[in-house]
Amino acid sequence: MDQQTRQALKHDQFVDSTQHGLDWATQNRRAIALWGTVAVLLLFAIAIAAVLYNHRSEQSSIAFGNAMQTYQTPLAAPGQQVPPGVKTFASAAERAKAANQQFLQVADQYGLTPSGKLSKYFAGLTYMESGQNSSAESTLKDVASGWNGDVASLAKLGLAQLYRQTGRDAQAIEVYNDLTAHPSTSVPAGTAQLQLADLYEAENKPELAKKVYATLKDKDASGPAGMIAAQKLNPAPAGAGAGAMAQ
């Protein structure tokens, strides 16, 4: 087969392929138009959903900020003088109960937004601070099982604190070990280890605490957790700071 024949054959194959495509498009132009319309509508729906999500995220952020403002309201003893117009609470439990209702509302209305997920975590904390341990545990467990790793880690840390407060140290130790094995930005492994060592100290098990501190010191000598561990292992003698100042 000579070159001219080969070129002619390639040309014919190209024409055949092109013609086939044109024929298919002609026969299916209604379907193509329909799919084109569907694609446009889908893109429009995605754009609308993005706008609505951004709006809800903004609204949830505002609502979360209001709840945090309540949670950070200062405390004042009965009869204590406070500046005019400054809101206060008589106790931390009373403040936590008020903030809890706001956090729950944000979590219920905007549960899919970042602020909504964070609000549910704070709802668990404020349940705990107001003495509602059962509600605190169920709420924190729900958050801890969520897909947002940072918020889930915070919830696990809150659960560990709840376990300690309710005499379940063994469960708290399990949580601290889990957080150590699965660190996150919100709860680094060093933070979990420091909490574990503190638990051992509270249980009057100084040798176990020292073991944790020594491991931290070796693994993270220049990091904040490692530096704290080093100080715990080698505390400054009482009065050393004052003596140095006097010199």
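The values are calculated or read from the model by the stated rules, or taken from the named source; none is laboratory data. Keep in mind that this is a model prediction, so the values were computed, not measured. All Cβ positions, glycine included, derive from the backbone under ideal geometry; neighbour counts span all protein chains shown.
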Go through the residues of the range 163-178 one by one and say whether even a single one is crowded, with 22+ Cβ neighbours inside 10 Å and under 12 Å from the mean Cα position of the chain (by Cα).
no
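Among the residues of the range 39-83, write down those that are closer than 21 Å to PHE103 by Cα and either modelled with pLDDT under 60 or small (Gly, Ala, Ser) (or both).
First, pick out the residues of the range 39-83 that are closer than 21 Å to PHE103 by Cα: 53-75.
Selection gives TYR53, HIS55, SER57, SER60, SER61, ALA63, GLY65, ALA67.
Tell me which helices (runs of 4 or more DSSP H) are completely within the range 156-233 and hold 1 or more residues being under 29 Å from LEU118 (Cα atoms), or say none if there are none.
Answer list for the range 156-233: 169-181, 189-202, 224-233.
Determine whether ALA192 is more than 26 Å from the chain's Cα centre (by Cα) and under 25 Å from ASP150 (Cα atoms). Please lay out each step first, then the result.
On the way: more than 26 Å from the chain's Cα centre (by Cα): no; under 25 Å from ASP150 (Cα atoms): yes.
Considered against the rule, which asks whether it is more than 26 Å from the chain's Cα centre (by Cα) and under 25 Å from ASP150 (Cα atoms), ALA192 comes out as no.
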